Structures are given as structure tokens and as C-alpha cells.
Amino acid sequence: MISLLQLTASDLKEQIINKLMIDRGIEVSEATGKDVYYALTSVVNEKITPQWFQTDKKYKSQNNKQVYYLSMEFLIGRLLESNLLNCGILDVTNVVLEELGFNPSEIYAAEHDAGLGNGGLGRLAACFLDSLASLNYPGHGYGIRYRYGLFEQRIIHGNQVELPDYWLKDPYPWETRNEKEAVVIQFHGDVHMFKRNDGTLEFKYENTDKVMAVPYDIPILGYENEVVNTLRLWSAEAVFQDNKGKSIGENKEFYRDLDHQHSIEQISGFLYPDDSSHEGRELRLKQQYFLVSSSIQNIIKYYKKTNRKSLSHLPEKVVVQINDTHPSLAIPEMMRILMDEERFSWDAAWKVTTNVFAYTNHTTLSEALETWPKDMLQNLLPRIYMIIEEINERFCKDIWLHHEELQHKVHEMAIIADDRVHMARLAIVGSFSINGVARIHTDILKKQEMKTFYSLFPERFNNKTNGITHRRWLLQANPELAKLITDVIGPQWIKRPKQLISLLKYSNDRSLLEKFDQVKHENKNALSNYIYQQTGILIDNQSIFDVQIKRLHEYKRQLLNIFHVIYLYNELKENPNQDLTPRTFIFGAKAAPSYHMAKEVIKLINTVASIVNYDKDIRGKLKVIFLENYNVSLAEKIIPAADISEQISTASKEASGTGNMKMMMNGALTLGTLDGANIEINDLVGNQNMFIFGLTSDQVLNYYQNGGYNARDIYNTDDRIRRILDQLNQGEFGIHDIEFKDIYYNILYHNDPYFVLKDFEPYLEAHELAERAYRDRATWMNMSVTNIAYSGKFSSDQTIQEYATDIWKIKRG
Ligand SMILES: *Cc1c(COP(=O)(O)O)cnc(C)c1O
């Protein structure tokens, strides 16, 4: 067998041709892009399979501790190109595809994005899997195989329209159904308690609804190291009913069973398009328990198969990271299995459980802190609810007996309070580690949001700033830049991204800066072409590409951005000869379907675009582009072409952000607030290499606590702002004059909860500075290269290294 690393162009070509003939019965000349795509995936899979097997075998024989990353979301995007890259055969494949007469990027685009996530949280999980495998760590993901991923967004007459994302319509070549690992999950039913002869308690469940969880495994490849880890996605199926060959007529239950089957399949039916509040209820809770019960059962089964010691030693071999509170029912589920099935005492089970789980917090937004009505939980999961009650009682009693200073806080710390179950509190009490995702975010958790818990468990709290895989987000998405970097500093940075810092030595080398500028320019050309294809709008590729791509949320303040555009437009209308560097404002954003204000902002952006883009008076100096259906693949197209990275959340609200890191790594300059990881970017590159503006998080938190902000004062005193708001109110942009009134009212009558008006002027000033800086190409490119040089710190390799040593205590395989 030939190793991948030695695969030559002619070998590969022959294999593709053979696959086309054997699997499809066609010749290359007849093959469509999709045919070639499947032929290639089949070639790659043949290489992966033995490596996957070897990696499994190695982990079994080493029997080292393994980490399992539990997440309701994995936003993995496409896999063919990154698998080719990680196998070390991307370049040769590109050559071969060209030789066969195909455009490689069209072949890769035949794959449907796996959009099993909403945004940053799900993308983080995908980047982490890539880094775990690339660093040769035994670490795997557990998630749900939703039949429908995040909705596909269309913009029709400026409005967002949501279409179902049936990503499994074509066979998904990377998954393997693994029926022999299926497990049964139980919902509802009655719990009976018996006393055994030895005085211990036994719990039996009756009349439960049983659901089968069947795993589909996806290989996760390390970069050029032959490591293949596993992402295991669970699918819900009806438990097989043996009707002993009865006909439909004889089997009165047939149609009822069919209905029943359908309702079970709903559990892995679709991803909720929410990363904060707006959501459907009980089914989502079912999904959460479905994920954690199948995963914990699977983990314990594997442990028993590979270890002879008792499960009391589980924490020596297993650590489970829970991505936000969504999988926090894993804690009572572990307790249930240890006590009810393995006959552990409470204390022994609790000791194991609290040494296995580690919890990552992703937000301090109060509307996103998860709670469930206790009746719903009790009805759906009676035994789990009993265990949560017991955890809660013991926890509260402990405070009462041993922490007098916190006695008056018991109500706000209790896991069950006001008839609701508070998932973050459950996660904190049941985990040995609690981490925030950027320094400021962790500080806010300690000082405000989770202050009382921090005083109780100071040793559990730690920070792990998020990261992104530089393999996908630089090497794969921006090959020309990656090549130039390698030409300048050699290839070591690919395995050690911090070595990008060597670029600093060249940040004043004019001729080199010109080369970086040229690469950016080519990327901008490519994006312009794509935009023209998609929208029919011609943009000026000499203009500043100003990019804001992320989920639409009020705290991310796309509204502030579009207000700035309206301001520029108003200025240009008054003075068309104004000396203004042409700008292209590029947006990509989905709004949760029930999030009214977010959808209004999408409508506003598109409405402004439809006016600005066709107004001859402003002589093409402004263009506004809203690209529909923002997802991983679209991000990969836009980011290499960005000049300015808009990271303008209301300070204190963005836990970390990762879009900021992706754009920095591709040489865009951040224009942003001191929020999330922007602060850490700023620590590295300094104020002179980015554009910082606006309220600090202390100022924002102070306003929230003590008042003192009045949006109307700004409306009354700032003509530019009054003009914009009046334009909205008077229907100047709307078809009806009520079109954008909600935005107007939210700002003036709800006192601008996200400080858009307060930060408007400093935002304008930051833009003016950026515009001036852009005119001086050498200075701008020096800033750009400086940003790339420092971006290695934000490789998820770095982040995973920190998780591995500080929290997981795992060794490389
Ligand atoms: C990186 C990424 C995000 C997160 O972006 P933020 O700017 O950090 O909110 C969301 N969606 C997709 C598709 C991404 O690739």
C-alpha cells in the first residue's frame, strides 16, 4: 500500500479514473463535478480508514486518559479540502484536477456544508477537534446528527427568509453508521424505589419511552501525522419492534407505531437556530438528554471494555469538557449510571463525577443563561430530576453548615429555585473546572456574574482564550498568503503557528510589503468576482473592504455599522466631491427566526444597500453588500479579502469572538471595542496597529448598575444622529413610513440598551483614522503584516495545549 505522503500525481489520477469507472461506470469526460467529488472522497476514505483503525488501536493499547468534547453544535463546514490538506495531498490533488479539466474549487464546492451549529460556539468545537488531532491528543467529539442543520438564508425583498437545510440529501461520504454501538435512551416513565437486603437503595424505571441512539462516526484528521480521531454524532431511531411477520391488517398498531417512529426521529430532526433565548422548548431538552445519555453510556462502556479497574478510577482515564451548559445533564446522568446501574453510593458516585467534568461558559448575557421549568424536567426525566434535587439539597446544606458568609445568598446559588432548574449552577457545582473564553470574560464571571460561586470554589475558575485553526483559516482559505509567508520565513510556522512572529523582522521591508499587498489585492479581486456573480453588483476592488460577518444580534451592533454607512451617504449626497476613499461595506449575518429586532436590522441593511448602490450622485464611492446565507464556506471566501474587521460589540457583551482572530490572521486590521479577545489582540499589536473606540466594559457595567445614560440627550445634540433616526422614523428608507419605527423606538424609548448612540461619534473617529491610514499603503501593510505576525497566539493549537495541560491533564498519543 502506498502511503499518502508519497502519493504522486499519476497515482492519484489513476485512482480517480478507476473510481469513476468502478463506482459510477463513467469516464472522466462524462463526469460531473459531483462525480469527481465522490471519486475523490472515496480515494481519501481508503487512505483514512486504516489510519483510523491504527489510531483506535494505539489509544486502546496506550490506555492513556482521553478527553471527550460534548457539544450540541459542531459547525464543521466542508471536509474534502481540509482532509486533503491534512493528508498532505492538497497540492497534488489541485494539479491533478486541473489536468483532468476541472476547477478544484468547484469540486470542493460539491460538498454541502455541515452546518450543525449556529455560530462561534459550534465553530470553536470544530476548530478544537482539528487541533486535538493535529497535536496528537486522544480527544473526540460527541454531538447530534441533526437531519436539518442551521436554516439556509435567502434575502427576498430585503427580508430574511428561512429554508430548511437538508444537508443529507446527497449521501454524506465522511460518515459511517456504527449500529453495534447503538444504545437505548429512556424518557418519561415511573421510578420505583426498593430497599435491597444490604440496606442500599435500588431504583427501577417502568413504562419509559425508549429511543435508540445510533452513532454515525466522522474521522477527524490530524495535520500530516496520520492521527485520526472521531466525531461521533448520534441519530435517534425507534427501538426495533418485532411484529413477527404480521401484515399491516393484522397489526393494528402499525400506523400508530409509524407516528411514534416519526416523533422519535424528531429528536435528531433539526438544530435549533438559537444561541441565546428565542427557542422551542421541550424537544430541545429531549435533544440535550439524548446527547448526554448516549455519550456517557458510550464512554462508560468503552472504559469497561478497556480497563479492569473499578469505575471509581474513571477520572484517571476520562475527562469530559461540556461546551456551555447545554450538555450539563451529563452530570446527573453520570450519577444515575454509577448509582442505579453500577451500585455506587452517592458519595462514591459524586467523587467520580466531579472529577470527570469540566465546564466552559460562553456568555454572560442573562437571557442566554439556561434554565428549565422543573415540572418539565421532572416529567420528561423523573430519575434525573430526583438526582438534581439531591445535588441541590446537599449543596445548599453545605453552604448552610459550612459557609455562614454565603447563607443569605443560598437562593441565588440554588440549582432549583423559583420552580426552575438553573443549568449553569448545576454545571458549576458538578465540575472541577469552570472556564471563560477570554481574559475579560473570565474576569467578569469572577467579579460579577458568578461572584458567589467564585468565592466558594476559587480554584475551579480559569481562563482559556478561544482560538481558531490556522490550517483551515489561513493555509486552506488563503493559500496565496500562506505561500508568501512560507517564502519569507520558511514552513515551520505551519506546525508552530507562534513562529509567525518572525514576520516582524520584515514588516518594514518595502518590496515585501508590496507582495503582501498584491496577495490581498488578488483576494479582493476574487471576492469582487464572487459578489458580482451572486448579486450582479460591481464593486470597486480598490475600495476599502470593510467586513462585518457574524450572527445578527443587537449586542454585536450591526446597527452601529449601518448608521455609519447612512451617515457617509448623507455626507456624500451633500458634497459629492468630498475626498473620500471608496468603501465597500460587506455584511453576512443570520438572525434567529423569532428575533424581530435582528430581522429589522437585516431589512435595514438591505434597504440602505438598495438605495446607496444605485445612487449615481455618490459616484460609486460607497457600496453595501449583504451576502446571504453566511456559513463557514462563505466565511472562507470573504475573510482573505478583508481590509477592516468590524468587531464592535457593546463592551462586556462579546465573550471572546473568533471572527476577530480569523480576520487578523488574514491581515485585516481590527476596528473594534475593548471587548472579548479584541483586548488580547490589542495587548499584542498595540493601539498603533488597530482602531479601538468606544465605552469600556467597566463604563458599560457602571451605566447598567447606576444609570446616568440618556440616549435622547445625544439625539437632541448631535445633528448627524438626529438626521439618521428621523430618516428611519419618517420612512425615508422604508416602503411604508412605519417600516423602521421599531428601531427608532428601541433607541429613543428603551434608552438605547446597547449604547449605539453613545459610541457613534468615537466610532466615526475610528473610521476616519482608518481611512487616513489606508491611504498610506506602506504604513497600512506594515500594520497588516504586524497583525499576521502576532496572530499565532490565537491558533487553537495554543488553546488546546492550555486545556490539555491545565484542565485535562492528558498526554499526546
Ligand atoms: C467564526 C465564525 C463565527 C463566529 O464569528 P464571531 O465574529 O466571533 O461572532 C460565526 N459563524 C461562522 C460561520 C464562523 O465561521
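It is to be established whether one or more residues within segment 48-58 are assigned to a loop (DSSP other than H, G, I, E, B) and buried (at least 16 other Cβ atoms within 10 Å of the Cβ).
Going through segment 48-58, the residues assigned to a loop (DSSP other than H, G, I, E, B) turn out to be none.
Within segment 48-58, none of the residues are assigned to a loop (DSSP other than H, G, I, E, B) and buried (at least 16 other Cβ atoms within 10 Å of the Cβ).
Looking only at segment 756-789, which residues are among the basic types (Lys, Arg) and free of Cβ contacts under 8 Å to residues at least 12 places away in the same chain?
772
Picking from 586, 566, 602, which residue would you name as being more than 26 Å from the chain's Cα centre (by Cα) and on the phi < 0 side of the Ramachandran plot? Criteria check complete, one pass: 566. When residue 202 is tested against the conditions (1) in a strand (DSSP E or B); (2) at pLDDT 95 or above; (3) touching a Phe, Trp or Tyr at 6+ places or on another chain (Cβ under 7 Å); (4) surrounded by fewer than 18 Cβ atoms within 10 Å (Cβ to Cβ), the lone failure is (2). When 440, 444, 434, 489 are checked against the criterion of being within 30 Å of residue 78 (Cβ to Cβ) and of a type outside the set (Ser, Thr, Tyr), 489 stands alone in meeting it. The criterion of being touching a helix residue (DSSP H, G or I) at 6+ places or on another chain (Cβ under 8 Å) and assigned to a helix (DSSP H, G or I) holds for residue 611.
Name the residue that is farthest from the ligand (Cβ to nearest atom), counting only residues in segment 39-88 that are more than 28 Å from residue 805 (Cα to Cα) and more than 27 Å from the chain's Cα centre (by Cα). Across segment 39-88, the extreme among qualifying residues is 50. Looking at 757, 764, just one residue is crowded, with 23+ Cβ neighbours inside 10 Å, modelled with pLDDT of 95 or more and within 30 Å of residue 722 (Cβ to Cβ), and that residue is 757. Here residue 629 meets the list (1) at positive phi; (2) polar (S, T, N, Q); (3) more than 15 Å from the ligand (Cβ to nearest atom) almost entirely, failing just condition (3).
When segment 673-687 is filtered for residues that are within 12 Å of the ligand (Cβ to nearest atom), outside any helix (DSSP H, G or I) and either touching a Phe, Trp or Tyr at 6+ places or on another chain (Cβ under 8 Å) or on the phi < 0 side of the Ramachandran plot (or both), the ones remaining, listed by number, are 675, 677. No other residue among 326, 313 is free of Cβ contacts under 8 Å to residues at least 24 places away in the same chain and out of contact with any strand residue (DSSP E or B) (no Cβ under 6 Å at 6 or more places or on another chain) apart from 313. Inspect all residues belonging to segment 728-745 and state whether any of them is touching a residue at least 12 places away in the same chain (Cβ under 8 Å), surrounded by fewer than 16 Cβ atoms within 10 Å (Cβ to Cβ) and under 31 Å from the mean Cα position of the chain (by Cα). Yes, segment 728-745 has at least one match.
Scanning segment 638-672 for residues that are away from the ligand (no atom under 11 Å from the Cβ) and part of a helix (DSSP H, G or I) returns 640, 641, 664, 665.
Among 586, 562, 549, which is of a type in the set (Val, Ile, Thr) and either away from the ligand (no atom under 16 Å from the Cβ) or closer than 27 Å to residue 722 by Cβ (or both)?
Matching residue, one of 586, 562, 549: 562.
For segment 97-150, filtered to residues that are of a type in the set (Lys, Arg) and more than 15 Å from the ligand (Cβ to nearest atom), the residue that is surrounded by the most Cβ atoms within 10 Å (Cβ to Cβ) is 145. In segment 190-234, which residues are hydroxyl-bearing (Ser, Thr, Tyr) and in contact (Cβ under 8 Å) with a residue 24 or more places away in the chain? 200, 205, 216, 223, 230 - these are the residues of segment 190-234 that are hydroxyl-bearing (Ser, Thr, Tyr) and in contact (Cβ under 8 Å) with a residue 24 or more places away in the chain. Residue check: is residue 322 assigned to a helix (DSSP H, G or I) and crowded, with 21+ Cβ neighbours inside 10 Å? In short, no. Taken together, the residues in segment 588-602 that are under 10 Å from residue 626 (Cβ atoms) and in a helix (DSSP H, G or I) amount to 1. Would a scan of segment 398-409 turn up a residue that is under 22 Å from residue 352 (Cβ atoms), surrounded by fewer than 19 Cβ atoms within 10 Å (Cβ to Cβ) and either at pLDDT below 95 or among the hydrophobic types (A, V, I, L, M, F, W, C) (or both)? No.
Checking each residue in segment 133-156 for being within 25 Å of residue 599 (Cα to Cα) and either of a type in the set (A, V, I, L, M, F, W, C) or without any contact (Cβ under 8 Å) to a residue 40 or more places away in the chain (or both) picks out 150, 151, 155, 156.
Of the listed requirements (1) crowded, with 19+ Cβ neighbours inside 10 Å; (2) touching a Pro at 6+ places or on another chain (Cβ under 8 Å); (3) closer than 29 Å to residue 631 by Cα, residue 66 misses just one: (3). For segment 756-775, a residue qualifies if it is out of contact with any helix residue (DSSP H, G or I) (no Cβ under 9 Å at 6 or more places or on another chain) and over 23 Å from residue 657 (Cβ atoms), and the qualifying residues are 768, 771, 772, 775.
Counting residues in segment 180-199 that are under 27 Å from residue 82 (Cα atoms) and surrounded by 16 or more Cβ atoms within 10 Å (Cβ to Cβ) gives zero. The residue list 528, 594, 543 contains one member that is among the hydroxyl-bearing types (Ser, Thr, Tyr), within 25 Å of the chain's Cα centre (by Cα), more than 16 Å from the ligand (Cβ to nearest atom) and farther than 23 Å from residue 700 by Cβ, which is 594.
The values are calculated or read from the model by the stated rules, or taken from the named source; none is laboratory data. On a predicted model such as this, the values are computed, not experimentally measured, just so you know. With ideal geometry, Cβ positions are generated from the backbone for all residues, glycine too; neighbour counts draw on all protein chains shown.
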